[in-house]
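One structure is given here, and the rest of the page talks about it.
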Amino acid sequence: MSNNQLVISPVYNEEKYIEEFYQLLRESYKQDVIFIDDGSSDQSRDFLEKINGKSTFAIRHRKRRGYGAALISGFEFAKDNNYEKIVTLDVDLQHRPKHIPDFFSNLDETDVVLGSRYIKMERCLDIPRERFIINRYISKLIKLEFGWNFTDPFCGFRAYRTEFLKQISFTDTGYGLALEVLLEIINKEVKFSEFSVEAIYFKDKRKFLDGLDDARKRLTYYLSVISEKIKELYDKEEIPFHKPSSR
């Protein structure tokens with residue numbers, strides 16, 4: 001652990017993709033990476049054991065805890081080992097590792113970098129309709145309520161200064177962690193930027209876990225994450241969600 005940069009990638013039953021992902025990762029990024037195996041039952045965990053070494057690390061959850069829980073484990077590792085900058089991305093090849101250096105570079109000017117598939121709308125043609133609608137709805141809701149503009153609330157390709165993460169106690173262990181991050185950016189008035197990434201979806205139509213493949217249930221869940229986070233911040237007697245003069 002001789003550098004200040006770390007890549008964090010959650011893993012859950014990714015044997016179909018993980019070997020190719022790791023090859024692409026190492027073509028673009030040579031420093032430290034940690035995989036969080038969230039209770040995989042397939043051969044992806046065997047691959048992680050094989051590549052575990054000097055700059056490649058792995059944490060294994062004995063049982064599946066959730067996507068957010070995997071990221072939280074990665075965040076804790078980064079804080080405990082004094083990394084200054086981290087990038088998160090998924091291993092299912094929907095995030096292109098070639099952008100990792102750009103995310104790290106952009107952290108020189110800001111505290112959080114959010115990947116967005118919606119900056120260049122021509123990249124949105126292949127996004128499933130219900131995912132597009134939910135993403136746009138949540139994005140507009142946040143802008144209407146709080147005055148902050150996030151073009152892609154759910155993209156997992158992101159970069160953080162660890163100092164930002166040290167200020168937060170995350171509570172959501174599922175996909176809603178992405179929204180928790182945005183609400184904390186608003187609450188703490190953290191400087192952020194967005195970086196345009198490709199919208200990549202495969203024909204195998206991968207499903208959401210935890211019963212969230214139903215669009216209405218997923219939207220209800222996301223709205224509950226927002227509501228619970230607001231309540232948490234008020235209960236702490238913080239004064240959240242100052243609307244900036246321009247965003």
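Nothing in this text is a laboratory measurement; each read-out follows from the coordinates by a stated rule. Small disclaimer: the values here were computed from a predicted structure and weren't measured. Virtual Cβ from ideal backbone geometry, glycine too; neighbours counted across all protein chains shown.
With the simple spin-label model, which puts each label point 7 Å out from Cα in the Cβ direction, the Glu19 to Ile51 separation comes to 1.1 nm. Adding -39500 (n - 2.57) for every DSSP H run of four residues or longer, then dividing by how many residues the chain holds, sets the calculated 222 nm ellipticity at -11500 deg cm²/dmol.
At an R0 of 22 angstrom, the distance between the Cβ atoms of Asp108 and Ser196 translates into a FRET efficiency of 0.75. Candidate values (1) 27, 21, 18; (2) 32, 22, 16; (3) 33, 18, 17 were compared with semi-axes √(5λ) of the Cα gyration tensor in Å computed on the shown model; the agreeing label is (1).
For the chain, modelled as a GNM whose springs connect Cα atoms under 10 angstrom apart, the maximal fluctuation among Gln94, Gln23, Gln31 occurs at Gln23.
Can you work out the PRE-style zone for Leu93? Point 7 Å along Cα to Cβ, and I want the residues of the range 19-37 with backbone N under 16 Å. Backbone N within reach: 19-27. Pairs from the table (Lys50/Lys229; Lys54/Lys166; Lys120/Lys229; Lys140/Lys229; Lys50/Lys217) lying more than 28 angstrom apart at Cα are Lys50/Lys229; Lys120/Lys229; Lys50/Lys217. With each pseudo-label sitting 7 Å past Cα toward Cβ, what's the Lys217-Gln31 distance in nm, one decimal? Inter-label distance under the simple model: 4.1 nm. Checking every one of the GluC sites (Glu not before Pro) in the range 75-155 against DSSP loop status and a limit of 16 other Cβ atoms within 10 Å picks out Glu84, Glu109.
Among complete DSSP H helices in the chain, those whose alpha-carbon atoms stretch at least 24 Å along the helix's long axis and whose mean Kyte-Doolittle hydropathy reaches -1.0 are 129-146, 215-235. For the pair Asp42 and Tyr234, the difference between a 0.36 nm per residue extended length and the Cα-Cα distance amounts to 64.9 nm. Annotation for the range 49-106 versus the range 1-35: alpha-carbon center distance of 7 Å. Between Lys63 and Ser227, the contour length at 0.36 nm per residue exceeds the alpha carbon distance by 56.2 nm. Structure remark: mean-square fluctuation, Gaussian network model of the chain, C-alpha springs under 10 Å; the largest value among Lys140, Lys98, Lys63 belongs to Lys63.
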